[in-house]
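What follows is one structure encoded as structure tokens, with my remarks underneath.
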Amino acid sequence: MVLTVNAGSSSLKFNLFDCEESLQSIFHGEIAGIGTDHATLSFGYGKSDLITREPLPVSDIAAAGNHLPGILEKHTDIGSLVGIGHRIVHGMDHTAPARITSRLLEDLKKIQAYDPDHLPGELRLIESFSQRFPGVPQVACFDTSFHATMPDVARRLAIPRRYDKKGIQRYGFHGLSYAYLLEELERIAGREAAQGKVIMAHLGSGASLAAIHGGQCLDTSMGFTPASGIPMSTRSGDLDPGVAWYFMEIEKMNAPAFNHLINHESGLLGVSETSSDMQQLLKIQSEDHRAAEAIELFCYQAKKWIGAYAAVLGGLDTLVFSGGIGEHAPAIRAKICQGMGFLGIDLNDEQNARNAAIISPDAGKVCVRVIKTNEEHMIAKQVCQVLLLPVSPSIDHQSA
């Protein structure tokens with residue numbers, strides 16, 4: 001069995017996969033609301049949905065990780081665990097999954113300041129699992145790896161070159177999701193579709209888009225950090241650098257406070273002043289103009305990036321929506337795609353309303369798809385590749 005650990009800033013997803021059964025999920029779950037008074041543990045077996053079982057008050061990601069071995073031992077038999085895979089959000093120069101060694105840990109510790117909301121917690125999880133499962137190899141699976149194919153022009157920031165040499169450039173994130181989605185696109189639509197001109201929109205609490213051609217990433221909306229690109233649940237997206245100067249000079253805001261502002265107080269939450277949850281904002285938009293404006297801004301920016309990436313690709317064959325919003329919010333997909341017929345993007349309203357796999361008309365120039373992402377499956381696959389574990393042929397990737 002392979003265990004995958006997917007740590008966010010306030011949640012910890014985990015999944016046990018059976019290598020001998022096409023990487024089918026055995027047991028999966030999530031510790032959500034970490035650091036709040038309403039943190040909960042949810043879990044399910046096989047392909048079943050998550051069921052919230054109990055409150056689990058934990059103060060941070062490391063504390064949640066300390067609970068995980070006990071949770072697994074209580075509900076499963078983890079005696080045959082042969083590998084543990086960790087989603088590492090920021091990998092800097094690491095362009096492929098790698099077995100975790102003391103040297104790799106030292107490399108990652110040096111760049112913690114580049115991703116203070118994820119990397120410190122991820123490193124503590126690795127150390128915790130090393131102590132609990134000392135004989136089980138661990139693998140780092142980097143969200144940035146998928147974007148390593150971006151050309152220099154898409155990576156470069158227009159700042160003095162001396163900073164580029166220090167690694168200050170655009171990296172891109174959500175790479176594990178995009179890698180999975182590209183494999184799924186090839187599985188369900190064929191190699192020609194996957195090798196074509198594809199825009200993928202991973203729209204969830206964190207949201208980004210990517211332009212892909214020939215199976216390689218040419219550009220993506222997130223850059224040096226996951227806070228860039230389009231507005232998200234609580235992240236600002238792209239900001240004029242002058243805004244940072246204003247906060248520091250006029251508001252006398254220090255670096256930690258500014259980081260908290262753009263990562264935890266902005267985006268949908270900041271504009272709506274009500275909620276960071278898109279579904280909640282959709283419910284109240286008719287009565288609350290702030291909620292309506294937050295939705296409008298989110299969709300407007302996503303539309304802009306789709307247009308920009310159609311230009312990067314020189315056209316568009318396939319548009320893929322994924323992530324919690326992308327998979328479950330027909331109104332958002334419709335709003336984003338509205339008025340984009342000039343690019344060949346059109347929706348079938350009935351298919352879109354029921355979250356069908358294909359939501360564009362049969363005769364549409366651009367095939368618009370909804371594909372459920374599965375980062376944990378991709379982590380498990382990469383663990384097996386790095387550790388040279390045999391895996392039986394996969395029939396259905398949608399295992400969790």
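The values are calculated or read from the model by the stated rules, or taken from the named source; none is laboratory data. These numbers were taken from a predicted model, which means no experiment stands behind them. Don't worry about glycine lacking a Cβ; one is built from the backbone with ideal geometry, like all the others, and counts go over all protein chains shown. Only protein heavy atoms, including side chains, enter the accessible area calculation; ligands, DNA and RNA are left aside. Shrake-Rupley method; radii C 1.70, N 1.55, O 1.52, S 1.80 Å.
Quick look at the numbers
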quantity: Matching residues in the range 358-383 - criterion: being surrounded by fewer than 20 Cβ atoms within 10 Å (Cβ to Cβ) and either over 20 Å from the mean Cα position of the chain (by Cα) or among the acidic types (Asp, Glu) (or both); calculated: 358, 361, 362, 363, 364, 365
quantity: Residue within the range 194-202 that is out of contact with any strand residue (DSSP E or B) (no Cβ under 9 Å at 6 or more places or on another chain), open to solvent by less than 70 Å² (accessible area, probe 1.4 Å), in contact (Cβ under 8 Å) with a residue 40 or more places away in the chain and in a loop (DSSP other than H, G, I, E, B) present; calculated: no
quantity: Some residue of the range 44-56 being open to solvent by less than 60 Å² (accessible area, probe 1.4 Å), at pLDDT 90 or above, part of a strand (DSSP E or B) and of a type outside the set (D, E, K, R); calculated: yes
quantity: Filtered residues of the range 123-166 (kept if in a loop (DSSP other than H, G, I, E, B) and open to solvent by 70 Å² or more (accessible area, probe 1.4 Å)); calculated: 134, 135, 156, 158, 159, 165, 166
quantity: Qualifying residue in the range 389-398 (condition: open to solvent by 30 Å² or more (accessible area, probe 1.4 Å), among the charged types (D, E, K, R), over 20 Å from the mean Cα position of the chain (by Cα) and modelled with pLDDT of 95 or more); calculated: no
quantity: Failed item, numbered, when residue 345 is tested on (1) among the β-branched types (Val, Ile, Thr); (2) free of Cβ contacts under 8 Å to residues at least 40 places away in the same chain; (3) within 18 Å of residue 188 (Cα to Cα); calculated: (3)
quantity: Residue check, residue 207 touching a residue at least 24 places away in the same chain (Cβ under 8 Å) and surrounded by fewer than 24 Cβ atoms within 10 Å (Cβ to Cβ); calculated: no
quantity: Yes/no for residue 322 being farther than 30 Å from residue 270 by Cα and either open to solvent by less than 40 Å² (accessible area, probe 1.4 Å) or hydroxyl-bearing (Ser, Thr, Tyr) (or both); calculated: no
quantity: Every residue from the range 17-37 that is of a type in the set (Ser, Thr, Tyr) and in a loop (DSSP other than H, G, I, E, B); calculated: 22, 36
quantity: Every residue from the range 301-319 that is of a type in the set (A, V, I, L, M) and either within 13 Å of residue 366 (Cα to Cα) or open to solvent by less than 50 Å² (accessible area, probe 1.4 Å) (or both); calculated: 302, 306, 308, 310, 313, 316, 319
quantity: Condition met for residue 135 (at negative phi, out of contact with any strand residue (DSSP E or B) (no Cβ under 7 Å at 6 or more places or on another chain) and at pLDDT 90 or above); calculated: yes
quantity: Residue check for residue 120: surrounded by 15 or more Cβ atoms within 10 Å (Cβ to Cβ) and modelled with pLDDT under 95; calculated: yes
quantity: Any hit, the range 172-186, residues being part of a helix (DSSP H, G or I), open to solvent by 30 Å² or more (accessible area, probe 1.4 Å) and within 16 Å of residue 327 (Cβ to Cβ); calculated: no
quantity: Subset of the range 215-232 (residues that are assigned to a loop (DSSP other than H, G, I, E, B) and either open to solvent by 90 Å² or more (accessible area, probe 1.4 Å) or within 23 Å of residue 112 (Cβ to Cβ) (or both)); calculated: 222, 223, 224, 225, 226, 227, 228, 229, 232
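To keep it simple, each residue is scored yes or no on (1) outside any helix (DSSP H, G or I); (2) within 30 Å of residue 215 (Cα to Cα); (3) of a type in the set (D, E, K, R).
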{"position": "245", "(1), (2), (3)": "no, no, no"}
{"position": "248", "(1), (2), (3)": "no, no, no"}
{"position": "259", "(1), (2), (3)": "no, no, no"}
{"position": "275", "(1), (2), (3)": "yes, no, no"}
{"position": "303", "(1), (2), (3)": "no, yes, yes"}
{"position": "316", "(1), (2), (3)": "yes, yes, no"}
{"position": "326", "(1), (2), (3)": "no, yes, no"}
